[in-house]
Amino acid sequence: MLDKILIIDFEDSFTYNIANVLYAHEKSVQVLGHREFFSSLYFDELMKSSQKRALILGPGPGHPDEYIHYQEKIKLLMDKKNLFVMGICLGHQLMGKIAGRRVDYSRHQVHGQSELIEFKGRKIPVQRYNSLSVWEKEKEVDIQEFPRGVSYQFHPESIGTADNDIFFKDLLVFLE
């Protein structure tokens, strides 16, 4: 049985921080390892399901090309009308590759640094941990919006990100 919110763990220490932020709003949260999810019945069950759910492609090490064997399955999931897909850091980069964008080194490689971004008309400090970025032409893309999803190059769950809940609001509204 799948929970309402599924978080795919790409072996990153922040994964359970994401779960904790969401658990404050929704008790049906499940963390699944990426190998387990993509090579098991979980993926098939999610593809067959007509229930509204959210899938978070979490942060993790490496370049999205190291996970190329997942990209076709992720695209199928992004196309499901009853599924909200969110990407964080590596998940953001995977979704960017699927959308045809380039992933390359960031101009400012950082680890645990705060940066001010504009989000929904507000300037909000967010915490960044990345050496790679999604690029569109010559511009780094920190936020990607999709018909039923969003992705972030920063860590919305981090203690260094102000107003964490605002970044998960669309996901939670989708599940209502």
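The values are calculated or read from the model by the stated rules, or taken from the named source; none is laboratory data. Because the structure is a prediction, the values reported are computed rather than measured. When we count neighbours, we look across all protein chains shown, and the Cβ atoms used for this are built from the backbone with ideal geometry, even at glycine. These accessible areas exclude ligands, DNA and RNA; they are computed on the full protein's heavy atoms, side chains included. Shrake-Rupley method; radii C 1.70, N 1.55, O 1.52, S 1.80 Å.
Can F168 be described as out of contact with any strand residue (DSSP E or B) (no Cβ under 6 Å at 6 or more places or on another chain), of a type outside the set (G, A, S) and crowded, with 16+ Cβ neighbours inside 10 Å?
The answer is yes for F168.
Just the residues that are part of a loop (DSSP other than H, G, I, E, B) and among the polar types (S, T, N, Q), please, taken from the stretch 71-90.
N82
Could you give me the residue pairs with C-beta distances under 9 Å whose first residue belongs to the stretch 38-52 and is farther than 14 Å from D9 by Cβ, whose second residue is at pLDDT below 95 wherever it lies, and which are 6+ apart or on separate chains?
Cβ pairs passing all conditions: E45/M1; E45/L2; L46/L2; S49/L2; Q51/L2; K52/E176.
Mind checking whether some residue in the stretch 48-66 is under 14 Å from the mean Cα position of the chain (by Cα) and of a type in the set (D, E)?
So far as the stretch 48-66 goes, no, none of its residues is under 14 Å from the mean Cα position of the chain (by Cα) and of a type in the set (D, E).
To keep it simple, each residue is scored yes or no on (1) open to solvent by 60 Å² or more (accessible area, probe 1.4 Å); (2) more than 14 Å from the chain's Cα centre (by Cα); (3) more than 27 Å from I74 (Cα to Cα).
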| residue | (1), (2), (3) |
| --- | --- |
| Q93 | no, no, no |
| G96 | no, no, no |
| V103 | no, yes, no |
| Q113 | yes, yes, yes |
| F119 | no, yes, no |
| P125 | no, yes, yes |
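Within the stretch 6-27, restricting attention to residues that are part of a loop (DSSP other than H, G, I, E, B) and charged (D, E, K, R), which residue is most open to solvent (accessible area, probe 1.4 Å)?
Only one residue fits best here, namely K27.
Run down L6, L32 and say which single residue is under 13 Å from the mean Cα position of the chain (by Cα) and within 22 Å of Q153 (Cα to Cα).
Residue meeting the stated conditions: L6.
From the residues in the stretch 127-161 that are of a type in the set (A, V, I, L, M, F, W, C) and open to solvent by 40 Å² or more (accessible area, probe 1.4 Å), which one is nearest to V21 (Cα to Cα)?
I159
Could you tell me how many of the residues in the stretch 70-91 are open to solvent by 60 Å² or more (accessible area, probe 1.4 Å) and in contact (Cβ under 8 Å) with a residue 12 or more places away in the chain?
The number of residues fulfilling the criteria is 4.
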